[in-house]
Every structure is written in structure tokens, then in C-alpha cells.
């Protein structure tokens, strides 16, 4: 039955967006078998690098302690609980927590049934201390309405690798993605590690070395069964220069990606350690060159590329590139794009240029609890945009049904990705 009134249409869109399960295509969380690699709880949420960067915005401007403000080394030398205490005091108690990262903490507490008005950090800690990791995973997935997530899995991580090598069976809601940063962004170190693992590789990418890198990739695809291969790249990334990274992409990554039917995901625009003292909180953003993406898509039309770019200035170019190449799927609003203004703008732009053929969001969550606020906030924003777009259709005389809206939202919340995979 067609939705004949605009009020009914908008109400239905809102309800469908909030009840449709999410398949989150990019996170940094782990299932429980990975032990301490799975981050969760209030102290982990508060000490995430979003808020670490924010607390240092306030401390030097605190006139009472202007000449004795905390420096980076002192902060990182503090126990995590003390770091969390400081961030709670500075960002939440001495100032109103209006930033998106700070508001997200409060949304998370509320969704877990706690009262943010308490402002009692130890009371919140008691909630998490009474949980096991498995229990909390189930709670978060239920409350956030998550059907599945894709992890970020790095064979070069000494803590993670043994779990994969042990052959333990994981939670079926957690899927793998083969992360390639260690291989592509630091071949000088990577080839030494590969050699210590028994691969016949050299610093020079000769025929034997290329074959051995391909063997490494195929063995880890067999072990992990990743849904895609991925790498984080700087804004200066050029897949057609003479660097080791470019050679590895063309001689190893693209052939294996094509042969094993795994998309190659490129997350482009990260400037590492712009302020080294802040550690991971010191990474920044830069505008990249869209021509690199376009040429990769043009010259490798049997490959599939998932692409997200970190600079807001790149978003229109990426949409236009996706209009030209159906082997390119844009995804998500991550890191410095994960704020309401930008999510709204990017979602509208993508709908207007690409229809429904994109992935509007992924959580990029590194702490399990971030799934709660990131998806709560994103659902709200995506619903508002879709209400406007369906209302635009309604004013043309076109009518839709609730079933059609359910189909469209399901496509945005995981169906487009599964279709791209060929699943």
C-alpha cells in the first residue's frame, strides 16, 4: 500500500531506519577470543584518542595551572584509569561536553541504562566491572541492533597473529579484513619479518620475492577468510610511482584481490604523527589526488575497490569517480568526518549523485562501546536525510510503500556491500 501522506511517509522512514539491522563494514574491534585486544568499558571510551586530543586543548588554557600544565609524556605515563579521571574532569565537568566525541560518551551511557546526570565516573565503572566481555558484546550488539561487523586484522601484529595461527573458532558475527599497512607502508621492515617466517623474500621485489608475497597473502586469506583486503594511505599516495608500495600493489595486491574475489579497500588521507607527542592522537588529515583512484579503477576493471577518503574536500570528487566506475564503492564518514554536519552533507551528496549505491557509514569503532553512540547518532542523521529525499519524491507525485523503504534502507545498511561482494 502506498504511503499517501507526507507525514506518514516521514514517520515510516524514521521507524524503518531505526529498526533495520546494521552490517558494519569497518571496525577495529575484536571478538572475545582475542582477549585484551578487545577494548571495552568506560575507561577505554574516555581515553580514546579523540578525547585525548581534546583534553590537551583545554589544559594549557587553564589559567589556574597555566605554568604547570600536563605534558604529553606525563599523560601517557599515567595509568589508564588516571587518564580517564583527568579527561572526565577537564572535558565533562570543567567544560560542557559539546564535542561529538564527548556527547558520544553520554549517549553510550544512556543506551546502556545509566543516567548521565549522575556524573559519577566510579558508578559507571561499577556497571562495566560486573560484566564479562561475552556478555557485553551481546548487550552492545542487541542495543545497537548490529547483525555483524568486520574487524581489522593484521598478520604483523604479534598479539593477534597467534590467535589466527591457533585455529580457534570465533564469534560468527565478527568477520575478518586482511590489513596490509605493515606490508605496503613499510616494506623495508616487512620483508625482514617475512624472511624470519620462512618466506624467501629479498629487499628487491624480484620475481621470487613477488611470488613469495603472493604466497603469504593467499595463506592468510585461507586462514582468515577476510571479506576484503585493506590499507590506510597518506594523502600523497600514488599507486603509479616507482615506490615499493606501488610495485607491491600492482604485482601482488591487485592480482590476488582479483583471483581471490576480495575487494581492495583504500582509506586515503591520513597524515601520520603530525604531532608525535600526541602519539595516535597526533595523526592529521590531508587532501589526496582522486586521479590515482580513477586510474586504478580504469586499468583494473576486473578488480573491485572500496574507497573512503579522509579529507572533506575529496568527497565530491570521490562521488563523481564512483559515477564513472561501477567497480568503485565509496563507504563511510570516518575519523575527522564523523561529525553531524559532515555526515549530513556527505549523505545528501552521495544520495543525490549515486542513488543508493554507496555505504553511508561504518563505525570505525576501536572500542566496543563506540558502536552504540556512533550508530545511534548516524541512524538519526541518515533518517533525517532520507526523510527529505523521500519527501522530494512524494512532491513529484511518486509514491512508495513501506516495503520499498525497508528494501532501500536494508541496501544502505549492508546490502550494497554484500551486493558488491557478489554475495
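Values as computed for the structure displayed
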quantity	calculated
Residue in the stretch 88-99 that is nearest to residue 374 (Cα to Cα), counting only those that are part of a helix (DSSP H, G or I) and free of Cβ contacts under 8 Å to residues at least 40 places away in the same chain	92
Number of the condition not met by residue 70 [criteria: (1) modelled with pLDDT under 95; (2) part of a helix (DSSP H, G or I); (3) surrounded by 15 or more Cβ atoms within 10 Å (Cβ to Cβ)]	(2)
Matching entry among 347, 342 (being part of a helix (DSSP H, G or I) and surrounded by fewer than 19 Cβ atoms within 10 Å (Cβ to Cβ))	342
Subset of the stretch 171-186 [surrounded by fewer than 21 Cβ atoms within 10 Å (Cβ to Cβ) and under 16 Å from residue 234 (Cβ atoms)]	181, 182, 185, 186
Of residues in the stretch 281-301 being without any contact (Cβ under 8 Å) to a residue 24 or more places away in the chain and more than 22 Å from the chain's Cα centre (by Cα), the one nearest to residue 72 (Cα to Cα)	291
Filtered residue count, the stretch 240-269, keeping only those that are more than 17 Å from residue 187 (Cα to Cα), in contact with a strand residue (DSSP E or B) (Cβ under 7 Å, 6 or more places away or on another chain) and touching a residue at least 60 places away in the same chain (Cβ under 8 Å)	4
Conditions (1) touching a residue at least 40 places away in the same chain (Cβ under 8 Å); (2) over 30 Å from residue 260 (Cα atoms); number of the one not met by residue 414	(2)
Single unsatisfied condition, residue 232 versus (1) crowded, with 19+ Cβ neighbours inside 10 Å; (2) more than 15 Å from residue 27 (Cβ to Cβ)	(2)
Selection count, the stretch 18-53, where residues are in contact with a helix residue (DSSP H, G or I) (Cβ under 6 Å, 6 or more places away or on another chain), within 20 Å of residue 334 (Cα to Cα) and outside any loop (DSSP other than H, G, I, E, B)	9
So residue 205, is it surrounded by 20 or more Cβ atoms within 10 Å (Cβ to Cβ) and either on the phi > 0 side of the Ramachandran plot or at pLDDT 95 or above (or both)	no
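Conditions tested, residue by residue: (1) in contact with a helix residue (DSSP H, G or I) (Cβ under 6 Å, 6 or more places away or on another chain); (2) within 16 Å of residue 154 (Cα to Cα).
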{"position": "180", "(1), (2)": "no, yes"}
{"position": "186", "(1), (2)": "no, yes"}
{"position": "200", "(1), (2)": "yes, no"}
{"position": "223", "(1), (2)": "yes, yes"}
{"position": "228", "(1), (2)": "no, yes"}
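The values are calculated or read from the model by the stated rules, or taken from the named source; none is laboratory data. These figures come from a predicted structure and were not determined experimentally. Positions of Cβ are backbone-derived with ideal geometry, glycine not excepted, and every protein chain shown enters the neighbour counts.
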